[in-house]
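Following: one structure in structure tokens, then a few remarks.
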Amino acid sequence: MSMRTKRSVRAGQYAALLCYLVFLAFPFLWLISTAFKPAPELGSLHPTWIPQHPTLDNFRQAFDEQPLLRATANSLIAALSAGLIAVLIATPMAYVMARHRTRLATAATGWVIVSQAFPFVLLIIPLFLVLKNLHLINTLGGLILVYVVWALPFALWMLVGYVRAVPRELEEAAAVDGAGRLRTLVSVTAPLLAPGIVATALFAFITAWNEFFFALVLLKTPEKQTLPVVLTHFLGAEGASDLGPLAAAAFLATLPSLVLFAVIQRRITGGMLAGAVKN
């Protein structure tokens, strides 16, 4: 392949990447623009990207109309708890499944993948009946349990791949140096798994943070509802919406996951080779 052809291919790749980024960024940028527009600009026949007279009235109205702070707290409790519990359960399970490749482990991995194909509607009725018998309907505990169960298969599948990527030779070398099984896991394997654990926890958090259907069905009282459910209260009859406050509330709802990812992504590769360095 000539140098000119390589440059053309590289330019095409960058162009495709740029188009993809624009495709992803357009809804979010339009949401930000809408959140800061006053009512006359929202109803204008000639919308603009940049608000002509930016205002914070939409944010004030959103907080006045709906209990956003309480809903945010409920979502944080549910999402953080689901992410932490899912990782705590999935990590030792993934280690066993990756290091002991038996028929049972293979069957379990297959079931994990198949279970992700089940639609929500198929599960909601038996799930509702089970939680009702456990007296967990209309409780954050019941919702967290559902989020953990729903995130666990994919979290387990992700972590199995990370564990298999850790060379067995590192653990064997640590054993030769006199390290016991527990010391090897803590000092060698765990730092190498740290990026995978963080990525899995982030996935479980974002999945629970954005989830709407289970929260809508299982939580009835306004005091227990999560942020995605509360956002629907800005929609009126026949699809009419209070566009300004809705955009402002939706913009605020995206911030926690964005901030969390921005903080974590700098450290997500920090433990990639930490366990491979012999002190």
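For segment 1-98, state which chymotrypsin sites (Phe, Trp or Tyr not before Pro) are in a DSSP loop and have at most 15 other beta carbons lying within 10 Å of their beta carbon. Sparse-neighbourhood loop chymotrypsin sites (Phe, Trp or Tyr not before Pro): TRP49. Whole-Hz Karplus values for segment 186-201 come out as 6, 8, 10, 6, 4, x, 6, 7, 3, x, x, 5, 5, 4, 5, 5 Hz, taken residue by residue from phi with 6.51 cos²θ - 1.76 cosθ + 1.60 and θ = phi - 60°; glycine and proline positions read x. Solvent exposure of segment 180-251, expressed per residue, is 42 Å² of accessible area, with all protein chains present and a 1.4 angstrom probe. Per the Debye formula on identical point scatterers at the alpha carbon atoms of segment 182-233, with no solvent, log10 I(q)/I(0) at q = 0.13, 0.16, 0.22 Å⁻¹ is -0.50, -0.59, -0.78. Projecting label points 7 angstrom from Cα along Cα→Cβ for ILE113 and PHE213 puts them 2.2 nm apart. Applied to segment 106-116, the Karplus parametrisation 6.51 cos²θ - 1.76 cosθ + 1.60 on θ = phi - 60° returns per-residue 3J(HN,Hα) values of 5, 5, 5, 5, x, 5, 4, 5, 5, 4, 6 Hz, with x for Gly and Pro.
Please return the longest stretch of the chain lacking exposed loop sites, where trypsin sites (Lys or Arg not before Pro) count only if DSSP places them in a loop and at most 15 other Cβ atoms lie within 10 Å. Result for the longest clean stretch: 102-219. Here the simple spin-label model places points 7 Å from the Cα toward Cβ, and for ARG164 and LYS220 these points are separated by 4.6 nm.
Remark: relative contact order (segment 34-83) = 32 percent; criterion is Cα-Cα distance under 8 angstrom and separation of 6 or more residues. Size of segment 36-110 from its Cα atoms: along the principal axes, largest to smallest, the extents are 66, 30, 15 Å.
For segment 170-264, which chymotrypsin sites (Phe, Trp or Tyr not before Pro) are both in a DSSP coil and crowded by at most 16 other Cβ atoms within 10 Å? Mind dumping the intermediate values first?
On the way: sites: PHE203, PHE205, TRP209, PHE212, PHE213, PHE214, PHE234, PHE251, PHE261; in loops: PHE212.
Those that pass, being in a loop and sparsely packed, are PHE212.
Give me D for segment 39-82 in µm² s⁻¹, whole number, from Stokes-Einstein with Rh from the Kirkwood sum over alpha-carbon pairs, 20 °C and 1.002 mPa s. Walk me through the intermediate numbers first.
Details: Rh = 13.1 Å.
Rounded, D is 164 µm²/s.
Eigenvalues of the alpha-carbon gyration tensor of the chain, scaled by 5 and square-rooted, set the equivalent ellipsoid semi-axes at 40, 29, 18 angstrom, largest first.
Over all pairs of different C-alpha atoms, segment 140-181 has a mean inverse distance whose reciprocal, the Kirkwood radius, equals 12.8 Å.
The values are calculated or read from the model by the stated rules, or taken from the named source; none is laboratory data. Remember, predicted model here, so these are calculated numbers, not experimental data. Reconstructed Cβ throughout: ideal geometry from the backbone, glycine too, with neighbour counts over all protein chains shown. Heavy atoms of the whole protein, side chains included, go into the accessibility calculation; ligands, DNA and RNA do not. Shrake-Rupley method; radii C 1.70, N 1.55, O 1.52, S 1.80 Å.
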